[in-house]
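To start, the structure itself, in structure tokens.
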Amino acid sequence: MKEGCGRKHGAATPCAACKLLRRKCGQDCVFAPYFPPNEAHKFANVHKVFGASNVNKMLQDLPMHQRGDAVSSMVYEANARVRDPVYGCVGTISSLQQHIDLLQTQLALAQAEVVHLRVSQTRCIPNLVLSPTNSGSPSSKIMGSHANPVFDMDMVVDQVSYGDSLWS
């Protein structure tokens, strides 16, 4: 006896698929392991979107170890189709992609603002050393290599704001 059909001591409780289709749930029921009797809504949506016959064919064409994943995918797609009959899960994916694009744009703007603030700070504090070595950059020419570094990178400062006298 299959536990997936909810059978106990000879009493047969049909799986959700057989219950909805009003048929006898046999020992070899392909739906029983994936659609237990207490989850009738799962099969109802899958049946509504794909049809019981098509689901049966798909499951029988797959190896046993892939059937669980296939049912999970069908349930997800069917639920998405019930929520959004036109786009289904593609609408959800598209919405998430747009959200990712928005967040990436916000991240890029925040990173640009951080760089802008760091550059602004270096203009306000001319004694700040940006490079630990005298690398030939404008900041190392101004500061020399004797002070402690604050950033471990060389930042180019706009020459127009300091005038040409600092760079010679």
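The values are calculated or read from the model by the stated rules, or taken from the named source; none is laboratory data. Note that this is a predicted model, so its numbers are computed, not measured. These accessible areas exclude ligands, DNA and RNA; they are computed on the full protein's heavy atoms, side chains included. Shrake-Rupley method; radii C 1.70, N 1.55, O 1.52, S 1.80 Å.
Remarks
- Cα-based radius of gyration of the stretch 32-104 once divided by 2.2 N^0.38 Å, which approximates compact folds: 1.29
- The string of couplings for the stretch 100-116 from the Karplus curve (6.51, -1.76, 1.60, θ = phi - 60°) is 4, 4, 4, 5, 5, 5, 4, 5, 4, 5, 5, 5, 5, 5, 4, 4, 4 Hz, one whole number per residue in order, with x for Gly and Pro.
- Note that the stretch 42-57 has calculated 3J(HN,Hα) couplings of 4, 5, 4, 5, 5, 5, 5, 8, 9, x, 5, 5, 5, 5, 4, 4 Hz, one per residue in order, obtained from phi through the Karplus relation 6.51 cos²θ - 1.76 cosθ + 1.60 (θ = phi - 60°); glycine and proline are x.
- Between amide H atoms placed 1.01 Å from N, distances below 5 Å from Thr13 occur with Arg7, Lys8, all of them 5 or more places distant or on a separate chain.
- Across the protein chains, with a 1.4 Å probe defining accessible surface, the residues His65, His47 rank His65, His47 from largest area downward.
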